[in-house]
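Below you'll find the structure, written out as structure tokens, and then a few comments.
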Amino acid sequence: MINVANLSPSVNWLNHLPDDWGVTRLANVADIFFSNVDKHTIEGEIPVRLCNYVDVYRNDRITSDIEFMDASAEAREIERFQILIGDVLVTKDSEMPDDIAIPALVVESLPGVLCGYHLAMIRPRKHLVYGPYLAWLHSCKLFRSHYEANAVGVTRFGLSQADFKEARIPLPTLTEQHRIAAYLDKTCAAIDTAIEAKGRQLELLDALRKSIIHKAVTRGLDDSVELKDSGVEWIRLIPIHWRCEHLKRVSLKIQTGTTPPTENTEYYVDGTIPWFAPGCYDKGIYLEEPAKLINELAYHDNKLRLFPAQSIFLIGIGATIGKVAMTKIEASCNQQITGIVSRPEVSPKYMAYQMKIYEDIIPYISKYTTLPIMDQVKIGYLRVALPPRVEQEIIANYLDDKMQQIAKLESSLQNQISSLEGYCKSLIHECVTGKRRITEKDLKDQYG
């Protein structure tokens, strides 16, 4: 065991472990392997499956439910890197140092599945340390601070074998390790189940939001009104006094945005003009936080296109194609976004809600090469359902109220999820640092 008085300040927390716990190097209780098995299939080698970085990063447990990648390996690699029940697989590099050493526990026998590249395989010496306990320890943010402090890199950070071997671990008795792991297994599984249930509630609210918007901007608010065929597949029936038009017929301008040259840093000093990019969108009707603020020099140099307040910004290319929101004030956007300025007879907010029904449709009707694209010409030919202007305002106000109600429910659920996630992290921390001692009674109480 190690004398904690001689440890560096970065692991001062080890000074506050229970008196009957020890501290030791990870290498004293486990073997650490860095895999060099890559993702290629080479003729003459033995077919295998690889447990890769994403399999570990996205899963707490490694099971047969995961679709492992097909590859090949030499016999010596298979002998060395075959994963076994109780092994802890850990990510050994990351784009950020605080997102490194993420663990997953092997809980099933998986013949022919090897530990892949970019992973460390920690194999506990079973008479000294329990694999599930090591996995929970690596789930503790405080413990992983050792890896964060030692990660080296610029655009991508990595750990050496020595960083793993020299990691100081708190070491209760094997019996207590088993109790800690069993307690966390059951308690955190219950928390995960609760989080998943709330996640499903969020999905239902999102579906409700879309349904309310679609009904309001295609059928209106009066269920008794006579309907007619709109001639548009995804709009279908509309009130008899409504009309369908191409978007370009009811718009003053449909134009893509611009990005001022970033090498001209003058454009980005003391900026006051909001400039939006696809990353600025959420589920709301308004754009809130711009990606950048750009100054008027860029506009005067014809490097920036301005759109008036209440313009509709539609993403026309990329993974988030079709997303729609509107501006509160005069603003600009990048070239992935098309700005739409409505004519006076159209309520901009109603039109923004109308365009929301296209968020799930545009990805399927856009031109597709390597990325889906919806150019401004094709956007102009989208069909929109229009009631009289007064009715547009009534519908927009109705939808504002409904969206606020849904947003309030979503916020409450998201806060509950955050609280549950925080409680789980706190519980792991307390258990693996000995602040909460797990007894046989605790385990019995879990089962009622």
Checklist entry - Would you say LEU114 is in the same structural domain as ASP55 (by TED's automatic domain parsing), touching a residue at least 60 places away in the same chain (Cβ under 8 Å), on the phi < 0 side of the Ramachandran plot and assigned to a strand (DSSP E or B)? => result yes
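So that you can scan it fast, the table gives a plain yes or no per residue for (1) in contact with a Gly (Cβ under 9 Å, 6 or more places away or on another chain); (2) outside the structural domain of PHE313 (by TED's automatic domain parsing); (3) free of Cβ contacts under 8 Å to residues at least 40 places away in the same chain; (4) at positive phi:
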| position | (1), (2), (3), (4) |
| --- | --- |
| GLY199 | no, yes, no, no |
| LEU204 | no, yes, yes, no |
| ALA207 | no, yes, yes, no |
| LYS210 | no, yes, no, no |
| ALA216 | no, yes, no, no |
| SER224 | no, yes, yes, no |
| GLU233 | no, yes, yes, no |
| LEU252 | no, no, no, no |
Next on the checklist: Quick test for you: out of MET96, MET121, pick the one residue that is modelled with pLDDT under 95 and assigned by TED's automatic domain parsing to the domain that holds ASP163.
Outcome noted: MET96
Item to check | Residues satisfying the stated conditions in segment 209-236, i.e. farther than 23 Å from ILE315 by Cβ and under 37 Å from the mean Cα position of the chain (by Cα) | outcome: LYS215, ARG219, GLY220, LEU221, ARG236
Next on the checklist: For segment 195-245, which positions are part of a loop (DSSP other than H, G, I, E, B), out of contact with any helix residue (DSSP H, G or I) (no Cβ under 9 Å at 6 or more places or on another chain) and among the hydroxyl-bearing types (Ser, Thr, Tyr)?
Outcome noted: SER224
Next on the checklist: Looking at the structure I just gave you, is GLU421 assigned to a helix (DSSP H, G or I), exposed (fewer than 15 other Cβ atoms within 10 Å of the Cβ) and among the acidic types (Asp, Glu)?
Outcome noted: yes
Checklist outcome for this item: Within segment 40-60, residues of a type in the set (D, E, K, R) and under 24 Å from ASP93 (Cα atoms) come out as ARG49, ASP55, ARG58, ASP60
Next on the checklist: Going residue by residue through segment 4-14, is there one that turns out to be closer than 18 Å to GLN82 by Cβ, surrounded by 13 or more Cβ atoms within 10 Å (Cβ to Cβ) and modelled with pLDDT of 90 or more?
Outcome noted: no
Checklist entry - ILE195 fails exactly one of the following numbered conditions: (1) within 30 Å of THR439 (Cα to Cα); (2) among the β-branched types (Val, Ile, Thr); (3) out of contact with any Leu (no Cβ under 8 Å at 6 or more places or on another chain). What is the number of that condition? => result (3)
Checklist entry - For segment 12-54, how many residues are of a type in the set (Gly, Ala, Ser), assigned to a loop (DSSP other than H, G, I, E, B), in contact (Cβ under 8 Å) with a residue 40 or more places away in the chain and out of contact with any helix residue (DSSP H, G or I) (no Cβ under 6 Å at 6 or more places or on another chain)? => result 0
Item to check | Matching option when the condition is of a type in the set (S, T, N, Q), exposed (fewer than 15 other Cβ atoms within 10 Å of the Cβ) and not assigned by TED's automatic domain parsing to the domain that holds ALA207, among GLN354, GLN335 | outcome: GLN335
Next on the checklist: When you scan segment 374-384, do you find a residue that is touching a Lys or Arg at 6+ places or on another chain (Cβ under 9 Å), within 30 Å of GLY220 (Cα to Cα), free of Cβ contacts under 8 Å to residues at least 24 places away in the same chain and not aromatic (Phe, Trp, Tyr), even just one?
Outcome noted: yes
Next on the checklist: Please verify whether ILE294 is at pLDDT 95 or above, farther than 30 Å from LEU208 by Cα and crowded, with 17+ Cβ neighbours inside 10 Å, treating the condition exactly as stated.
Outcome noted: yes
Next on the checklist: Report every pair of residues separated by at least 6 positions or lying on different chains whose Cβ atoms are under 9 Å apart, first residue within segment 152-172 and of a type in the set (Ser, Thr, Tyr), second exposed (fewer than 14 other Cβ atoms within 10 Å of the Cβ) and part of a loop (DSSP other than H, G, I, E, B).
Outcome noted: THR155/GLU95
Checklist entry - Restricting attention to segment 279-332, and to residues there that are assigned to a strand (DSSP E or B) and β-branched (Val, Ile, Thr), which single residue is farthest from PRO372 (Cα to Cα)? => result ILE294
Checklist entry - Are there any pairs with C-beta distances below 7 angstrom linking a residue in segment 430-448 that is on the phi < 0 side of the Ramachandran plot and free of Cβ contacts under 8 Å to residues at least 12 places away in the same chain to a residue that is surrounded by 11 or more Cβ atoms within 10 Å (Cβ to Cβ) and assigned to a loop (DSSP other than H, G, I, E, B), with the two at least 6 apart or on different chains, and if so which? => result GLU430/ARG436
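The values are calculated or read from the model by the stated rules, or taken from the named source; none is laboratory data. As the structure is a prediction and not an experimental result, all values here were calculated from the model. All Cβ positions, glycine included, derive from the backbone under ideal geometry; neighbour counts span all protein chains shown.
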